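Enquirer: Have a look at this one before I ask anything.
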Amino acid sequence: MNWLNSIRAADKTAITENGNRKVHYKFQDGTEMAEEYNLETNVLVRRAWKQSNNITKKPSWVTEVGDPEPKSLLLDNSGIQEAQNSPYMLKRITRDNIEWRIRNLPYPLEVYSVTAAPEQKCLIVRTTNKKYYKKIEVQELERCGILPEQKNISFTHKFNTLIITYKKPPQVLKMERDVLHELKNVKNIDNSELPSCNPS
């Protein structure tokens, strides 16, 4: 089932809060997702997926778009917290672009390369000093069944942050419009009736 059909088939509930519309999805396979859209721009500001922790059995939320859980709460399975100065990535969505910010990267701009790897369905970030390497999945492209293209990639570096921008192709823009149209049919409910869909 493609992404749009999955959205249509999912059980959906929504509330409006703090200038955002929050939508909770329960898909046919039992997977749960929470999204937040800015009411003024209709741009997605947060998307998170619910998953079970194999150690504690307590559900947690994994952020795909937007700010992640506070780092002080993020421990690996051994209970070890990642060093605060380690590189970490945030993903943002704008009207026309997909953006990733990789913080705690102190190297100058000329050290970095960001390349489309269509055979791996991802972007690859490298440094010439071999200090950093990362594959970035672009879920928006996968959901539209298209591959990343180099012409859509740009990047810059400032304040120890590598900022990567991917221009949304027409297929992604259309998918977003279709999803927003589908969400117009979802009626808002009272907060007290909403399942626990706040990943924070």
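The values are calculated or read from the model by the stated rules, or taken from the named source; none is laboratory data. Being a predicted model, the structure only gives us computed values, none of them experimental. For neighbour counting, all protein chains shown are included, and Cβ atoms are generated from backbone atoms with ideal geometry for every residue, glycine included.
Enquirer: What are the pairs with Cβ atoms under 6 angstrom where one residue, in the stretch 131-155, is on the phi > 0 side of the Ramachandran plot and hydrophobic (A, V, I, L, M, F, W, C) and the other, located anywhere, is modelled with pLDDT under 95 and surrounded by 17 or more Cβ atoms within 10 Å (Cβ to Cβ)? Sequence gap at least six, or different chains.
Expert: Going by the 6 Å Cβ cut-off, there are no qualifying pairs.
Enquirer: Right, here's the next one. Please verify whether the stretch 99-108 includes one or more residues that are surrounded by 17 or more Cβ atoms within 10 Å (Cβ to Cβ) and over 19 Å from the mean Cα position of the chain (by Cα). Working first, answer last.
Expert: From the stretch 99-108, those surrounded by 17 or more Cβ atoms within 10 Å (Cβ to Cβ) are 100, 102, 105; that's our starting set.
Filter again for over 19 Å from the mean Cα position of the chain (by Cα), leaving 105.
Among the residues of the stretch 99-108, at least one is surrounded by 17 or more Cβ atoms within 10 Å (Cβ to Cβ) and over 19 Å from the mean Cα position of the chain (by Cα), which makes the answer yes.
Enquirer: Among strands (runs of 3 or more DSSP E) lying entirely in the stretch 46-165, which contain 1 or more residues that are among the charged types (D, E, K, R) and modelled with pLDDT of 90 or more?
Expert: Working: elements: 59-65, 88-93, 97-103, 112-117, 122-127, 133-137, 153-158.
Qualifying strands (runs of 3 or more DSSP E): 59-65, 88-93, 97-103, 122-127, 133-137, 153-158.
Enquirer: In the stretch 29-47, what residues are over 15 Å from the mean Cα position of the chain (by Cα) and under 19 Å from V62 (Cα atoms)?
Expert: D29, G30, T31
Enquirer: Can I ask one more? Of the residues K26, K22, K12, which is more than 18 Å from the chain's Cα centre (by Cα) and at pLDDT 95 or above?
Expert: On the way: K26 fails: more than 18 Å from the chain's Cα centre (by Cα); K22 fails: more than 18 Å from the chain's Cα centre (by Cα).
Criteria check complete, one pass: K12.
Enquirer: Identify, please: which residue in the stretch 122-148 is of a type in the set (D, E) and either touching a helix residue (DSSP H, G or I) at 6+ places or on another chain (Cβ under 9 Å) or surrounded by 15 or more Cβ atoms within 10 Å (Cβ to Cβ) (or both) and is, among those, farthest from M1 (Cα to Cα)?
Expert: Step one: list which residues in the stretch 122-148 are of a type in the set (D, E), which gives 137, 140, 142.
Next cut, either touching a helix residue (DSSP H, G or I) at 6+ places or on another chain (Cβ under 9 Å) or surrounded by 15 or more Cβ atoms within 10 Å (Cβ to Cβ) (or both) only: 140, 142.
Values: E140: 15, E142: 13 Å.
Among them, the one singled out is E140.
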